[in-house]
Amino acid sequence: MSGCILFIQRDLGINEVQQEVLVGCLSFISLLGSLAGGRTSDAIGRKWTIGLAAAVFQAGAAVMTLAPSFGVLMAGRLLAGVGIGFGLMIAPVYIAEISPAACRGSLTSFPEIFINLGILLGYVSNLVFSGLPDHINWRVMLAVGILPSVFIGFALVVIPESPRWLVMKNRTDEARAVLRKVTDSEEEAQERLAEIVDAAAAMMNAAAEKRSVWQELTRPSPVIARMLVTGLGIQCFQQATGVDALVYYSPTIFRDAGISTERQLLGATVAVGFFKTAFIVIAIVLIDRVGRKPLLYVSTVGMTLCLVVLSTALFMLAHGSASRALGIGVAILAVCGDVAFFSVGIGPICWVMSSEIFPLRLRAQAVALGTVVNRVTSGAVAMSFLSICNAVSVAGAFAGFAVVSALSVAFVHRFVPETSGKTLEQIESLFGDDGRREMELGDVEQLVPHKG
C-alpha cells in the first residue's frame with residue numbers, strides 16, 4: 001500500500017486524511033479477525049482457521065483490485081484486514097504447538113519472515129508496475145497479492161492439525177499420530193504427548209472451576225497477570241517504536257528527506273524491504289542458538305540508536321545544516337538500520353514469545369488479545385503519523401519513537417524471561433515465582449515450581 005497510495009491519490013483524488021484512514025484502518029479492523037480467531041481456532045481447529053484467514057483475505061484483495069471508488073476500496077481494505085487478523089493470530093499459535101522445543105523459536109519466526117518477504121515483493125511490484133497508467137498500476141499491485149494466499153489451499157491438504165488442540169478435544173490417538181510425524185522417535189512423541197495430556201488435564205481442572213477463558217484473562221491470577229504483562233507489553237512495544245510508519249510511509253519519509261522522483265522513492269523503499277527481510281533470516285538462524293532475550297537487547301538498543309540518527313538527519317536537512325546528499329544518505333541508512341534491528345529481534349520474537357508463554361487453555365485467546373494490542377498500536381501509529389508530522393515535523397515524530405524505543409529496552413530487561421529450549425509446558429513455570437525477582441538470562445536454568 002505504501003507505493004500504491006502514490007497512484008491511488010492521483011487516480012481517485014483522495015486527500016491526506018483519507019490516505020491515513022486507508023493505510024491505518026487495516027490495523028484496527030484486523031483486531032476483529034484476531035479476536036474472532038481465538039474462539040474460532042478453539043472451535044474448528046488451528047488448521048482450518050488458517051484456511052479461513054486466507055479465504056477472507058483473498059476476497060478483500062479482489063474487492064480492492066476492482067474498486068471504482070474510495071468507498072469500495074475501503075470496504076475491500078477492511079475485509080482484507082479481517083483476514084490478516086485471523087492470520088496474525090493463528091499462524092504463531094499453530095507453529096508453536098506443533099514444533100519441538102529445540103527449534104520452536106526458529107519455526108515460529110517463519111510467519112514474520114514471510115510477512116517481510118511479502119512486504120519486499122510488494123515494494124518490488126510497486127516499482128515494476130509503476131510505469132503503467134495511473135488507473136491500472138495500483139490495481140495490478142494489489143491484485144498480485146492474491147496469488148500467495150491461494151497456495152494455502154494446497155497446504156491445507158498436507159499439514160496436520162495441532163496435536164495440542166486434538167488433545168484438548170479428547171482426540172488423543174490423532175494427536176499421537178501427528179506427534180510421530182513431527183518428532184525424531186517414538187519415545188519423544190510419547191514424552192511430548194504425556195506433557196500435553198498433563199497440561200490439558202490441568203486445563204480441565206481450571207474449567208471445572210466454572211471460570212471462562214475471558215474471566216481468567218480479565219481477572220487473572222498473579223501468574224497469569226505476569227504472563228499478560230510480558231505478552232501484551234512486548235506486542236505494544238513492537239509497534240509503538242514506529243516500524244509501521246516506516247513501512248507504510250517510507251516513500252513519504254524519503255520525499256521529505258529530499259528524494260524527488262517516484263522511481264527513486266520506490267527504489268529506496270525496495271532497499272528498506274530488502275534489509276527488513278534479510279535480517280529476519282538472521283534472526284531465524286540465531287533465535288534458538290543465542291536465545292530470545294539477547295536478540296531483544298540487540299534489537300531494541302539498535303533501533304533506539306537508528307531512530308536518534310534518523311531524527312537528527314531529518315532535522316538537519318529541514319534546516320539546511322547538512323549537505324543534501326549526505327543527509328539523504330544518512331537518512332536512508334538509518335531507516336534501513338532501524339528495520340534491520342527490528343527484524344533481527346523484536347519483530348519475530350514478539351510473536352514467538354506471545355505464542356509460547358501462555359498455558360494451553362488460554363493460549364489461543366491470549367494470543368488473540370495480544371494481536372489486538374499489536375494492531376491497535378499499529379493503527380494508532382499509521383493513522384496519526386502524517387498529522388503528527390504536520391504538528392511537530394517528521395524529525396520530531398521519529399524523536400518520539402526513539403524515546404519509546406528506549407523504554408522498550410527497560411521493559412525487556414525487567415519483564416521478559418528467557419524461554420529458549422523449554423517446552424511450552426515448562427515455560428509456564430517461569431512465571432510461577434513471586435514476580436519480584438528479576439528474570440536474568442541464567443534464571444531459566446533452574447525452573448521455579450508453579451504456584452499459581
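The values are calculated or read from the model by the stated rules, or taken from the named source; none is laboratory data. Just so we're clear, the structure is a prediction, and the values are computed from it rather than from any experiment. With ideal geometry, Cβ positions are generated from the backbone for all residues, glycine too; neighbour counts draw on all protein chains shown. Ligands, DNA and RNA are stripped out before the accessible areas are found, and what is left, the full protein with its side chains, is counted by its heavy atoms. Shrake-Rupley method; radii C 1.70, N 1.55, O 1.52, S 1.80 Å.
Worth a mention:
- Reported count of residues in region 405-421, each being in a helix (DSSP H, G or I) and open to solvent by 40 Å² or more (accessible area, probe 1.4 Å), is 6.
- Whichever residue in region 334-343 is among the aliphatic types (A, V, I, L, M) and touching a Leu at 6+ places or on another chain (Cβ under 9 Å) and, among such residues, is nearest to Cys236 (Cα to Cα): Val339
Yes/no matrix, rows are residues, columns are (1) surrounded by 24 or more Cβ atoms within 10 Å (Cβ to Cβ); (2) at positive phi:
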| position | (1), (2) |
| --- | --- |
| Ile349 | yes, no |
| Leu369 | yes, no |
| Ala380 | no, no |
| Ser393 | no, yes |
| Ala402 | no, no |
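- Evaluation of Ile357 against (1) more than 18 Å from Lys422 (Cβ to Cβ); (2) in contact with a Phe, Trp or Tyr (Cβ under 8 Å, 6 or more places away or on another chain) (one fails), failing number: (1)
- Criterion violated by Arg46 - all others in (1) farther than 26 Å from Val381 by Cβ; (2) surrounded by fewer than 24 Cβ atoms within 10 Å (Cβ to Cβ) satisfied: (2)
- Selected residue (only one of Asn116, Asn126, Asn137 is modelled with pLDDT of 85 or more and in a helix (DSSP H, G or I)): Asn137
- Cβ-Cβ under 7 Å pairs, at least 6 apart or on other chains, region 393-421 side more than 22 Å from Val309 (Cα to Cα) and of a type in the set (S, T, N, Q), far side open to solvent by less than 10 Å² (accessible area, probe 1.4 Å) and not in a helix (DSSP H, G or I): Thr419/Ile357; Ser420/Gly291
- Check on Phe70, in contact (Cβ under 8 Å) with a residue 12 or more places away in the chain, open to solvent by 30 Å² or more (accessible area, probe 1.4 Å) and within 19 Å of the chain's Cα centre (by Cα): no
- Any hit, region 88-106, residues being assigned to a helix (DSSP H, G or I), hydroxyl-bearing (Ser, Thr, Tyr), within 23 Å of Phe342 (Cβ to Cβ) and over 19 Å from the mean Cα position of the chain (by Cα): no
- Val290 fulfils the conditions (1) of a type outside the set (S, T, N, Q); (2) part of a helix (DSSP H, G or I); (3) at pLDDT 85 or above; (4) open to solvent by 50 Å² or more (accessible area, probe 1.4 Å) except for a single criterion, (2).
- Val144 vs. criteria modelled with pLDDT of 85 or more and under 30 Å from Met64 (Cα atoms): yes
- Test: Leu166 is open to solvent by less than 80 Å² (accessible area, probe 1.4 Å), closer than 30 Å to Gln9 by Cβ and part of a helix (DSSP H, G or I): no
- Filter result for Gln365 (modelled with pLDDT under 85, in contact with a helix residue (DSSP H, G or I) (Cβ under 6 Å, 6 or more places away or on another chain) and polar (S, T, N, Q)): yes
- Being over 21 Å from Gly85 (Cα atoms), among the hydrophobic types (A, V, I, L, M, F, W, C), crowded, with 24+ Cβ neighbours inside 10 Å and within 16 Å of the chain's Cα centre (by Cα) is a property that holds for Val339.
- Restricting Ala199, Ala175, Ala155 to residues that are loosely packed, with under 13 Cβ neighbours inside 10 Å, assigned to a helix (DSSP H, G or I) and touching a helix residue (DSSP H, G or I) at 6+ places or on another chain (Cβ under 9 Å) narrows the list to Ala155.
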